[in-house]
């Protein structure tokens with residue numbers, strides 16, 4: 001949520017005090033809070049927790065023009081109280097990600113409160129969830145006009161309209177592997193949304209494991 005408490009972007013809890021989101025979510029402002037455990041945005045369900053962001057770390061090589069390295073790490077003021085409704089996603093090792101999880105056809109789940117139609121003027125009030133497969137880079141490149149770098153994953157089904165949209169940015173793309181939910185991607189960009197001839201582009205989180213760990217280690221050293 002932005003400084004006014006308005007919905008701004010998605011994010012994903014990866015540890016008690018750390019949240020990942022898209023770097024482009026921080027383009028306009030670095031002041032915001034994180035809401036965890038929510039489902040229906042306009043209703044108080046008793047499961048929500050609002051936490052202040054102490055500091056935001058945008059990837060140093062984030063490119064505002066191409067959206068390359070579209071990732072940011074948020075340090076929360078207080079640790080999140082884990083519950084049935086608030087749990088972190090696991091970060092896979094680069095090896096597991098490349099060997100197994102990033103393969104063409106891997107089923108993933110993407111969630112967010114973004115717009116349900118490209119031209120809609122409002123964000124969704126309830127959390128939406130879609131099931132879409134990872135798509136191989138060569139096929140993705142054929143269907144997208146913009147450059148597909150090694151730092152992203154493509155997902156979707158050509159001919160179908162299931163896709164992330166504006167407002168979903170920074171939200172999680174996860175996959176279930178051996179009873180564990182692993183974070184594969186963060187909603188980054190698309191060419192329109194829900195277009196049958198296009199796919200969605202997600203920041204490939206495993207490329208940033210060292211960067212994430214480095215920031216967390218530095219934080220622990222200083223604090």
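The values are calculated or read from the model by the stated rules, or taken from the named source; none is laboratory data. None of the values given here were measured: they were computed from a predicted structure. Please note: Cβ atoms are built from the backbone with ideal geometry, for glycine as well, and neighbour counts cover all protein chains shown.
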Residue 113 being closer than 27 Å to residue 28 by Cα, within 18 Å of the chain's Cα centre (by Cα) and modelled with pLDDT under 95: yes
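To keep it simple, each residue is scored yes or no on (1) within 17 Å of the chain's Cα centre (by Cα); (2) surrounded by 14 or more Cβ atoms within 10 Å (Cβ to Cβ); (3) farther than 19 Å from residue 68 by Cβ.
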| site | (1), (2), (3) |
| --- | --- |
| 102 | yes, yes, no |
| 133 | yes, yes, yes |
| 159 | no, no, yes |
| 178 | no, no, yes |
| 181 | yes, yes, yes |
| 188 | yes, yes, no |
| 192 | no, no, yes |
Lone unmet requirement of (1) farther than 21 Å from residue 21 by Cα; (2) surrounded by 14 or more Cβ atoms within 10 Å (Cβ to Cβ) for residue 128: (1)
